[in-house]
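Below: the structure, in structure tokens.
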Amino acid sequence: MPNAMRLVLQVFNYAVFMGLVWYFATSPPYRQLAEDQAVITLAFSHAGERREECRRLSQEELAKLPPNMRLPMDCPRERSPIKVELFLDDELAISEIAKAPGLYQDQGVDVFRKIKVPVGKHDLRVRMNDNVRVQGPTFTHEQAIELEPAQLLVVDFKKDMGKFIVR
């Protein structure tokens with residue numbers, strides 16, 4: 001008789017637990033976006049240009065170096081910070097300045113930002129400067145977009161193509 005009572009209580013406990021799981025899985029409604037919103041995500045990895053250009057060492061400078069370090073060119077490793085701006089309908093929506101990580105600040109940066117925007121037609125403009133020796137943006141992209149409710153629009157940058165990709 002005690003085993004039957006134990007079995008009935010176990011079934012009851014499992015039923016109560018599963019009922020709670022079912023309730024909290026379905027009952028509280030949760031929406032990440034409102035009915036009239038979409039998401040624009042700016043996501044890419046990029047290494048900026050070198051902060052300084054490589055320079056040829058003179059014979060006097062080479063003579064001062066140990067024999068195993070006599071390379072004709074001196075190329076500093078430090079990379080430029082990357083400045084990215086995303087405008088939506090001529091309003092600044094995202095502004096990011098990312099400094100190169102690493103011991104010598106010589107690695108690429110990862111940019112990931114997302115914003116919620118209203119659905120409809122918009123003018124999208126993205127500007128990026130990856131070279132401190134150049135004034136103004138080194139890469140730009142302008143495009144008219146139309147966003148649907150709950151749409152995810154990704155803005156990526158492809159260095160080998162030299163342009164932004166909007167998907």
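Of the strands (runs of 3 or more DSSP E) contained entirely in region 86-167, those carrying at least 1 residues that are of a type in the set (Lys, Arg) and in contact with a His (Cβ under 9 Å, 6 or more places away or on another chain) fall at 120-129, 163-166. Condition first: surrounded by fewer than 14 Cβ atoms within 10 Å (Cβ to Cβ) and closer than 11 Å to VAL39 by Cα. Now tell me which residues in region 151-167 satisfy that. Across region 151-167, the qualifying residue is only LEU152.
The residues of region 40-85 that are assigned to a helix (DSSP H, G or I) and either assigned by TED's automatic domain parsing to the domain that holds PHE112 or not charged (D, E, K, R) (or both), listed by number, are GLN59, LEU62, ALA63, PRO67, ASN68, MET69. If we keep just the residues of region 112-140 that are within 16 Å of the chain's Cα centre (by Cα) and among the basic types (Lys, Arg), which is surrounded by the most Cβ atoms within 10 Å (Cβ to Cβ)? Only one residue fits best here, namely ARG127.
The values are calculated or read from the model by the stated rules, or taken from the named source; none is laboratory data. Quantities reported herein were computed from a predicted structural model and do not represent experimental measurements. So basically every Cβ, Gly included, is an ideal-geometry build from the backbone, and we count neighbours across all protein chains shown.
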